[in-house]
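The values are calculated or read from the model by the stated rules, or taken from the named source; none is laboratory data. Note that the structure is a prediction, hence the values are computed from the model and not measured. No Cβ is skipped: glycine too gets one built from the backbone with ideal geometry, and neighbour counts run over all protein chains shown.
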Amino acid sequence: MQMSDTRQIAVPPSAVYAALLDPDMLQKCVPGAQDVTGSVEDGYEATVVQKVGPVKATFKGQVTLSDLVPDQSLTITGEGKGGAAGFAKGGAEVRLSAKDGGTELSYDVEAKVGGKLAQLGSRIIDGFAKKMADQFFNNLQESLEGPTEDTAENDATEGPAKKGWFGRSKD
C-alpha cells in the first residue's frame with residue numbers, strides 16, 4: 001500500500017524537523033500511541049493500540065529515523081507486532097521546504113501488514129493506513145500551529161465544517 005500527500009504548515013522547516021525528532025511529539029501525534037521512548041540515534045520503542053476493522057490489537061514495535069538532512073528531509077521506518085492480530089510495518093519519506101512563510105511538508109508512505117490483519121482485505125487496510133497517516137500529520141500540524149477553527153468544528157472528522165448541537169457556527 002502506497003500513498004503520498006503534501007500539506008502546508010505555518011511554522012518554519014526547522015520547527016517541523018525538530019518536532020519529528022521529539023519522542024514526546026511523536027507520542028502526541030501517532031494515533032493510539034501509549035508510549036514512545038528512545039532517541040534519534042538509537043531509535044524509538046513504541047506501544048500503539050489500534051482497531052482495524054473488527055481486530056483490536058496492541059502493537060509493540062521499533063521506529064528508526066534515517067537519511068537525516070536537517071530541516072530538509074528524513075525517513076521514518078517502523079515495524080510493530082500485534083500478537084495474534086499480526087504485524088504492521090512501513091515507512092515514510094518526509095520532505096520539508098520553506099514556502100509561503102511556513103513549511104511545505106510532502107510525504108510518501110508505504111505500509112505492509114500480515115497475519116489476521118492481512119485477511120481483512122486491501123480496501124479496509126488501505127483506508128486505515130490513509131486515515132492513520134492523515135491523523136498523524138493533522139496532529140503534527142495542530143501541535144505546531146495550535147488548533148484551527150475548522151479543526152475544532154470538525155472534531156477531527158473529514159468533510160466540510162459542521163455546526164454545533166444547537167445549529168450555531170463560530171464566527
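Observations on the structure shown:
- Condition broken by Gly53, with the remaining ones in (1) within 22 Å of Ala19 (Cα to Cα); (2) surrounded by fewer than 16 Cβ atoms within 10 Å (Cβ to Cβ); (3) in contact with a helix residue (DSSP H, G or I) (Cβ under 6 Å, 6 or more places away or on another chain) satisfied: (1)
- Among the criteria (1) surrounded by fewer than 16 Cβ atoms within 10 Å (Cβ to Cβ); (2) not in a loop (DSSP other than H, G, I, E, B), the one Pro147 does not fulfil is (2).
- Hits in the stretch 68-108 (condition: of a type in the set (A, V, I, L, M) and either buried (at least 17 other Cβ atoms within 10 Å of the Cβ) or in contact with a Lys or Arg (Cβ under 7 Å, 6 or more places away or on another chain) (or both)): Leu74, Ile76, Ala84, Ala85, Ala88, Ala92, Val94, Leu96, Leu105
- Counted residues, the stretch 77-95 - those being assigned to a strand (DSSP E or B) and in contact with a Leu (Cβ under 6 Å, 6 or more places away or on another chain): 1
Results for (1) part of a helix (DSSP H, G or I); (2) closer than 24 Å to Asp126 by Cβ; (3) among the acidic types (Asp, Glu); (4) in contact with a Leu (Cβ under 9 Å, 6 or more places away or on another chain), shown as yes or no for each residue.
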site: Ser4; (1), (2), (3), (4): no, yes, no, no
site: Ala19; (1), (2), (3), (4): yes, no, no, yes
site: Gly61; (1), (2), (3), (4): no, yes, no, no
site: Asp71; (1), (2), (3), (4): no, no, yes, yes
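- A Cβ distance below 8 Å, combined with a sequence gap of six or more or placement on separate chains, defines the contacts here; from the stretch 12-40, residues that are over 28 Å from Asp100 (Cβ atoms) reach residues that are among the aliphatic types (A, V, I, L, M) and assigned to a helix (DSSP H, G or I) in the pairs Ala33/Leu26; Val36/Leu26; Val40/Leu21.
- Flag if Ala46 is part of a strand (DSSP E or B), in contact with an Asp or Glu (Cβ under 7 Å, 6 or more places away or on another chain) and hydrophobic (A, V, I, L, M, F, W, C): yes
- In the stretch 125-142, the residues that are within 16 Å of Pro54 (Cβ to Cβ) and surrounded by 16 or more Cβ atoms within 10 Å (Cβ to Cβ): Ile125, Phe128
- Each residue in the stretch 100-128 was checked for being modelled with pLDDT under 90 and assigned to a strand (DSSP E or B), and 6 of them qualify.
- Criterion applied to Ser66, Ser143, Ser97 was being at pLDDT 85 or above, in contact with an Asp or Glu (Cβ under 9 Å, 6 or more places away or on another chain) and within 26 Å of Glu41 (Cα to Cα), and the one residue passing it is Ser97.
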